[in-house]
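Below: one structure, written as structure tokens.
The values are calculated or read from the model by the stated rules, or taken from the named source; none is laboratory data. A quick note: this is a predicted structure, and the numbers were derived from the prediction, not measured. Note that each Cβ is placed from the backbone with ideal geometry, even for glycine, and that neighbours are counted across all protein chains shown. Ligands, DNA and RNA are stripped out before the accessible areas are found, and what is left, the full protein with its side chains, is counted by its heavy atoms. Shrake-Rupley method; radii C 1.70, N 1.55, O 1.52, S 1.80 Å.
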Amino acid sequence: MEKIWEFYKNGQWEVPFLIFSICLFVATSVFLYLLIIESRNRNIKKERLRNEYSILIEKLMASIIFEDASYSVIKEDKNLMVLFDTSFFRETVVESLINLHKNYEGIYAQKLEQFYKDSGLIKGSFRKLKSLKWEVKCKGITELAELNISDAFGNIVAFSKARNKTLKITAINACIKLAGTKGIVHLTEHSDPIDDWTQVNIISAFKKHDIGDTKGVELLLESQNTTVVALGLKLIKELKLTQKVPYVAELAARTTNNLIKYEAQNVLQTLTL
């Protein structure tokens, strides 16, 4: 310790320390600069490829929608299949599929869904559900829900209990799109509270997807979780489900929770006036 103290007092360490600090700063600055340049070049390359691919993908989508071209016919194009082997091209195709699917209905939408399955793009979406990154999981959930892959419901519903709020909302919204009210019945068993923001998103999802069959919403009123009961009452009120009035009246009569009783009475007043 004495030697170290003497070394410190003599000031012999100052010059080497300053030189080391300057070298470290310069090296770090150069590394970060190169990293920024690399990232920028990668983004520029992706954008260039996206523009190149967009022309090809537009023709591909047109042949699927309007010319009844099946994947078995499309895959005979070897040049196209080479591109299909690249992850970025597949991602770009999926993005195009989703954008088109949002604007088409009926037979046209079904053609896009069938191509999504036949081409194996669906496998990539399922793989995203296994990612450790929540944003990648959200992307996979959105893709499967938008393209009406009902077989994915079991996988997606598991994420409705996620700690990450964005992932939870994305999963619940996807369940609603795929299964309507069946997509929220599982919430009756939820032990965790459902916050107001999540409830607002669930109600918005019902309105957005125009769920016609509301059978099962009343089951939320039987939950032991008061936030789930509150969600059920809000859904009944916002969607004006007058056929659920008997269930709300029964809840108002039996509940011992003053907040729930007040909310139930408020719903009854709104729907019976």
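Things to note:
- Selected residue (only one of Ile156, Ile141, Ile149 is in contact with a Ser or Thr (Cβ under 6 Å, 6 or more places away or on another chain), within 22 Å of Ile176 (Cα to Cα) and of a type outside the set (S, T, N, Q)): Ile141
- Taking the conditions (1) of a type outside the set (A, V, I, L, M); (2) assigned to a helix (DSSP H, G or I); (3) within 16 Å of the chain's Cα centre (by Cα) in turn, Lys207 satisfies each one other than (3).
- Residue list for the range 245-258, filter: assigned to a helix (DSSP H, G or I), of a type outside the set (Val, Ile, Thr) and within 14 Å of Gly232 (Cβ to Cβ): Pro246, Tyr247, Ala249, Glu250, Leu251, Ala252
- Flag if Ala264 is free of Cβ contacts under 8 Å to residues at least 12 places away in the same chain, assigned to a helix (DSSP H, G or I) and more than 16 Å from the chain's Cα centre (by Cα): no
- Looking only at the range 143-154, residues that are surrounded by fewer than 19 Cβ atoms within 10 Å (Cβ to Cβ) and part of a helix (DSSP H, G or I) come to 4 in all.
- Condition check for Thr170: more than 20 Å from Val217 (Cα to Cα) and buried (at least 17 other Cβ atoms within 10 Å of the Cβ): no
- Residues satisfying the stated conditions in the range 178-203, i.e. in a helix (DSSP H, G or I), open to solvent by 60 Å² or more (accessible area, probe 1.4 Å) and over 16 Å from Leu219 (Cα atoms): Asp196, Trp197, Val200
- Some residue of the range 111-130 being assigned to a loop (DSSP other than H, G, I, E, B) and free of Cβ contacts under 8 Å to residues at least 24 places away in the same chain: yes
- Subset of the range 212-226 [assigned to a helix (DSSP H, G or I) and open to solvent by less than 30 Å² (accessible area, probe 1.4 Å)]: Val217, Glu218, Leu220, Leu221
- Of all residues making up the range 78-110, the number that are within 14 Å of Ile65 (Cβ to Cβ), part of a helix (DSSP H, G or I), of a type in the set (S, T, N, Q) and open to solvent by 70 Å² or more (accessible area, probe 1.4 Å): 2
- The residue pairs whose first member lies in the range 48-72 and is loosely packed, with under 13 Cβ neighbours inside 10 Å, whose second member is among the basic types (Lys, Arg) and modelled with pLDDT under 90, and whose beta carbons are closer than 9 Å, counting only pairs six or more residues apart or on different chains, do not exist in this structure.
- Checking Tyr262 against (1) loosely packed, with under 14 Cβ neighbours inside 10 Å; (2) of a type outside the set (S, T, N, Q); (3) modelled with pLDDT of 90 or more; (4) closer than 18 Å to Phe206 by Cα, the condition it does not meet: (4)
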